[in-house]
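The block underneath contains the structure these notes are about, expressed in structure tokens.
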Amino acid sequence: MVAPVFEEFEPESDCECPGCVDRRRAAPASPAAGIIGHPAAHRTVVIAAAASAVLGAGHAVPALAAPQQAPDRPGVPADDGPQTPQGSKAPLHGPGGKPADTVKLPTTTRTEIIDRAKKWVAAKVPYSMSAYWSDGYRQDCSGFVSMAWKLPGNEWTGSLHQYATRITKEQLQPGDMLLFHNLTDPTNGSHVVLFGGWTDHTHGYYIAYEQTRPNTRRLATPYAYWTNASKYVPYRYKGLVAEPADPSVPAVPGKEGGGDSANPGPGAQAPPYPGRAAFGPGADNKHVTLLGRLLVERGAKRFYTSGPGSRWSDADRRATQAFQQAQGWRGADADGLPGPLTWSLLTNGKGKNIVAGASGSSGGSGSAGAPAQPPRVPAYPGRGMFRPGADNAYVTQLGRQLVKKGFGTYYTKGPGPRWGEADRRGVEAFQRTQGWRGGAADGYPGPETWRRLFS
């Protein structure tokens, strides 16, 4: 093989500057003069010879690029250097080039956050790290939270915390987030979900709104998550504002305010409905307190052993359901969660009062004027009692309650103490009647399944 031959030369120049004229005069007598170059601009051209021996006959030989000249002065780039398409490393910036911590964040309420999350759940938005939904947000977990919080752009798990304030587990309310950013390997395991409220008083499970494969979902999830549970951190969005009702929600007015109860007096404006996110498991706010006091005024005092208070409880649910049933509502219309119509009737002093002995979902009739006693729910024995191979009295107790509730069709005999497929299928059928799907309806009773089954 013939090696390429390289030769350096300076092309002819007709420059008439004194330096070039002197150089051309000295060229015949000085061998080195040919490579001194123009005092202002020196160019090097590389010619490749015998390239066909290397690349093979018939192939075009590309011209080789001229070597990049070093800057004339340190720190000053060469004029013909490429322009970088990206900026230098800098803190996270928001709209208008301002640092994120000084950008005026879009404001939103908890109800709006959850409503936006529900839209993706209903649309079953497919998970993707590169695709964008019709609203402009990226279809991955951090894009989902960016959308729900109405952020000005698509963030990632490494930047979302800059838009939020760290809180504790007990401070979590609907619309907050649980964030895990894996610092050692951000692409492995990092995830973020929206908190939708606790499923029960034990705070062991919560409703998670999340973007995951195959699509957006709403699912009862163990705290803090299925995996890496100890690494998830709760945060609250900095741009969160009170519901429209908050500034005008009054304390219970006295006689000087024109009324002698929790109901506004004549001419007083009833507080607007704060939204569904203000009520239900995990809610802790002034709207729950006002709801309870309004219900007590309408005949629900017997449901409360203490309070009413700001933290949502089963007493609030049962009292609300009793009021809804007093209006003649049944089924989903009397689910114990106040909707706009329930709230309007209560705050405006309209509708029918709760009749003596009405007991909400407890099913007890009670005697006229006597407090209705809620059914005693046996203590939950733990998940280990309900697994393949389990053989104990709790399995029998569970099976009998399934039969009592109408979910015993899978038993060919029994129920008995040994856990079997009939037990699992019965539990799964019950869970599905609660509206649960996926991992929340796996046929294995957790604390909330147990509570609802025995209520």
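Restricting to region 330-346, what's the tally of residues that are in contact with a Ser or Thr (Cβ under 8 Å, 6 or more places away or on another chain) and not in a loop (DSSP other than H, G, I, E, B)?
At the first step, the residues of region 330-346 found to be in contact with a Ser or Thr (Cβ under 8 Å, 6 or more places away or on another chain) are 336-338, 342.
If we keep only those that are not in a loop (DSSP other than H, G, I, E, B) too, we end up with 342.
Matching residues across region 330-346 total 1.
Within region 386-444, how many residues are among the charged types (D, E, K, R), open to solvent by 20 Å² or more (accessible area, probe 1.4 Å) and either touching a residue at least 40 places away in the same chain (Cβ under 8 Å) or assigned to a helix (DSSP H, G or I) (or both)?
Initially, region 386-444 is screened for residues among the charged types (D, E, K, R), giving 387, 391, 400, 404-405, 413, 418, 421, 423-425, 428, 432, 437, 442.
Now drop any that are not open to solvent by 20 Å² or more (accessible area, probe 1.4 Å), which leaves 387, 391, 400, 404-405, 413, 418, 421, 424-425, 428, 432, 437, 442.
Add one more test, that the residue is either touching a residue at least 40 places away in the same chain (Cβ under 8 Å) or assigned to a helix (DSSP H, G or I) (or both), and what stays is 387, 400, 404-405, 421, 424-425, 428, 432, 437.
So the answer is 10.
Could you run through region 167-220 and say how many residues are open to solvent by 70 Å² or more (accessible area, probe 1.4 Å) and within 15 Å of the chain's Cα centre (by Cα)?
Looking only at that region, the number is 3.
Looking at residue 81, is it modelled with pLDDT of 55 or more and either in a loop (DSSP other than H, G, I, E, B) or touching an Asp or Glu at 6+ places or on another chain (Cβ under 9 Å) (or both)? I'd like the intermediate steps shown before the answer.
On the way: modelled with pLDDT of 55 or more: no; either in a loop (DSSP other than H, G, I, E, B) or touching an Asp or Glu at 6+ places or on another chain (Cβ under 9 Å) (or both): yes.
No, not satisfied.
Answer with yes or no whether residue 145 is surrounded by fewer than 22 Cβ atoms within 10 Å (Cβ to Cβ) and under 21 Å from residue 275 (Cα atoms).
On the way: surrounded by fewer than 22 Cβ atoms within 10 Å (Cβ to Cβ): no; under 21 Å from residue 275 (Cα atoms): yes.
Considered against the rule, which asks whether it is surrounded by fewer than 22 Cβ atoms within 10 Å (Cβ to Cβ) and under 21 Å from residue 275 (Cα atoms), residue 145 comes out as no.
Taking residue 151 as meeting all but one of (1) part of a loop (DSSP other than H, G, I, E, B); (2) surrounded by fewer than 23 Cβ atoms within 10 Å (Cβ to Cβ), write down the number of the exception.
(2)
Between residues in region 114-125 that are over 15 Å from residue 237 (Cβ atoms) and in contact (Cβ under 8 Å) with a residue 24 or more places away in the chain and residues that are open to solvent by 40 Å² or more (accessible area, probe 1.4 Å) and in a helix (DSSP H, G or I), which pairs lie under 9 Å by C-beta distance while being six or more apart or on different chains?
125/119
State all residues of region 274-324 that are in contact (Cβ under 8 Å) with a residue 60 or more places away in the chain and either of a type in the set (A, V, I, L, M) or not in a loop (DSSP other than H, G, I, E, B) (or both); if no residue qualifies, say none. Step through it out loud before you land on a result.
Start the filter on region 274-324 by keeping residues that are in contact (Cβ under 8 Å) with a residue 60 or more places away in the chain, which leaves 274-278, 280-285, 302-303, 313-314.
Result: 276, 277, 278, 283, 284, 302, 303, 314.
Can you tell me which condition residue 134 does not meet? The list is (1) modelled with pLDDT of 90 or more; (2) within 23 Å of residue 237 (Cα to Cα); (3) open to solvent by 80 Å² or more (accessible area, probe 1.4 Å), and all the others hold.
Failed condition: (2).
Do we have any residue at all in region 245-263 that's farther than 30 Å from residue 188 by Cβ, modelled with pLDDT of 85 or more and surrounded by 14 or more Cβ atoms within 10 Å (Cβ to Cβ)? Step through it out loud before you land on a result.
The initial filter retains those residues of region 245-263 that are farther than 30 Å from residue 188 by Cβ, namely 245-263.
If we keep only those that are modelled with pLDDT of 85 or more too, we end up with none.
Within region 245-263, none of the residues are farther than 30 Å from residue 188 by Cβ, modelled with pLDDT of 85 or more and surrounded by 14 or more Cβ atoms within 10 Å (Cβ to Cβ).
The values are calculated or read from the model by the stated rules, or taken from the named source; none is laboratory data. All figures in this text were calculated on a predicted structure; none of them were measured in a lab. We place every Cβ from the backbone using ideal geometry, glycine too, and count neighbours over all the protein chains shown. Heavy atoms of the whole protein, side chains included, go into the accessibility calculation; ligands, DNA and RNA do not. Shrake-Rupley method; radii C 1.70, N 1.55, O 1.52, S 1.80 Å.
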